[in-house]
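Throughout, read-outs are computed from the coordinates displayed, never taken from laboratory work. Small disclaimer: the values here were computed from a predicted structure and weren't measured. Methodologically, a virtual Cβ is constructed for each residue, glycine included, from the backbone with ideal geometry; neighbour enumeration extends over all protein chains shown.
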Amino acid sequence: MMKKGIFLLIAPLLVGILLIPAFSQEDMEVVDNGSFLKKQRPPVVFRHDEHNETAQLEDCIECHHVYEDGEKLDDESSEEQSCSECHDEKGSGNILGLKKAFHSNCKGCHLEQKKGPIMCGKCHVR
Amino acid sequence: MHTLYNFVSGPLVWLAFIIFIGGCLYRLTSLIILVHKKEKFIYSYMSLKYGLRSIVRWSTPFATENMRRHPVLTIVAFGFHICLILTPIFLLAHVTLVDESWNLSWWTLPEGVAEIMILIVIAACVFFLVRRLVNPEVQYVTTASDYILLAIVAAPFITGFLVYYQWFGYQTLLILHILSGEVMLVAIPFTRLSHMLFAPLTRAYMGSEFGGVRHAKDW
């Protein structure tokens with residue numbers, strides 16, 4: 001009886017501990033694709049910290065940018081926002097659609113740096 | 001891999017399309033020049049009405065006697081040609097790449113539908129292969145080039161299917177997929193795949209002769 005009680009107390013705690021990393025950016029495994037109405041490809045495998053360490057990226061605004069009048073701002077970043085707050089699925093004017101924004105941010109940089117995956121299935125892993 | 005991928009998906013695509021379009025224009029103009037030199041008299045009975053009538057007739061499933069005599073071949077051939085042409089043009093991955101390069105995009109097939117269409121093309125290729133191997137009439141007129149052509153057509157779809165599912169070596173297969181597509185494009189004007197260009201002209205010619213001269217059906 002006592003054992004069962006302890007288990008009942010610990011179980012939710014364990015679940016909680018297991019869930020924390022699933023929601024924290026440190027161990028993020030795939031890019032959130034919740035904003036796409038039609039999900040046509042598997043979400044992109046992406047481990048935030050591991051990626052930045054390998055890529056030797058220290059500046060958040062490399063990806064989490066803020067644009068004003070078509071210019072990227074040097075001193076403002078957008079980590080607090082989700083990409084889809086500016087980039088809707090279609091895009092408008094200067095603002096790229098969400099898919100294109102992801103592709104140009106990731107693949108564009110990989111092409112420039114000649115490092116990192118550029119083939120479809122290397123990010124959209126089945 | 002970056003360099004190789006960029007090469008096959010960049011300059012080689014340009015080269016393939018230049019040869020494909022240039023080759024098609026070359027074949028068409030040389031045909032017209034040849035007609036002009038040798039068979040000018042066909043202009044006297046070429047008719048838009050009978051030409052189009054024949055093209056429409058032969059583009060409609062089961063609208064000709066020959067199609068009704070070979071129902072299975074008719075279904076396979078129509079399914080094959082429709083899927084062969086539409087799938088690569090309206091495939092999500094292809095349109096995405098064009099969009100990234102040229103800022104141009106158009107409607108795409110749902111992935112599930114595209115998958116089925118690729119399978120139809122592959123199954124049809126298997127059907128054509130078996131037909132060549134077992135059907136005596138077809139066997140009699142088959143040479144090695146027929147198998148090579150069939151392989152050229154099947155390759156982009158087989159590799160495309162494997163790449164879509166990421167089975168076996170993804171990177172190598174993707175490169176092979178792009179290369180095989182380029183080989184097929186280049187082969188179109190210079191092999192019997194040129195029926196893509198000439199079939200409508202052949203039909204227009206036959207239709208005109210049967211309609212305007214013989215006053216008979218050509219189906």
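Within the group A:Ser35, A:Ser104, A:Ser84, A:Ser77, which residue is part of a loop (DSSP other than H, G, I, E, B) and either under 24 Å from B:Thr108 (Cβ atoms) or in contact (Cβ under 8 Å) with a residue 60 or more places away in the chain (or both)?
Just a single option satisfies the conditions, and that option is A:Ser35.
Filter region A:50-65 down to the residues that are in contact with a strand residue (DSSP E or B) (Cβ under 8 Å, 6 or more places away or on another chain) and outside any loop (DSSP other than H, G, I, E, B) and list them by number.
A:Ile61
How many residues, within region B:94-135, are away from chain A (no Cβ under 12 Å) and of a type in the set (D, E, K, R)?
Total meeting the criteria: 2.
Tell me which residues, restricted to region B:53-64, are surrounded by 16 or more Cβ atoms within 10 Å (Cβ to Cβ) and over 19 Å from B:His195 (Cβ atoms).
B:Arg53
Among residues belonging to region B:112-139 that are within 29 Å of A:Ala101 (Cβ to Cβ) and surrounded by fewer than 16 Cβ atoms within 10 Å (Cβ to Cβ), point out the one that is farthest from the chain's Cα centre (by Cα).
Filtering region B:112-139 for residues that are within 29 Å of A:Ala101 (Cβ to Cβ) and surrounded by fewer than 16 Cβ atoms within 10 Å (Cβ to Cβ), the one farthest from the chain's Cα centre (by Cα) comes out as B:Gly112.
List the number of the failed condition for A:Gly121; all other conditions in (1) on the phi > 0 side of the Ramachandran plot; (2) among the small types (Gly, Ala, Ser); (3) within 9 Å of another protein chain (Cβ to nearest Cβ) hold.
(1)
What number of residues within region B:1-52 satisfy the criterion of being within 14 Å of chain A (Cβ to nearest Cβ) and either outside any helix (DSSP H, G or I) or loosely packed, with under 13 Cβ neighbours inside 10 Å (or both)?
So the count comes out to 4.
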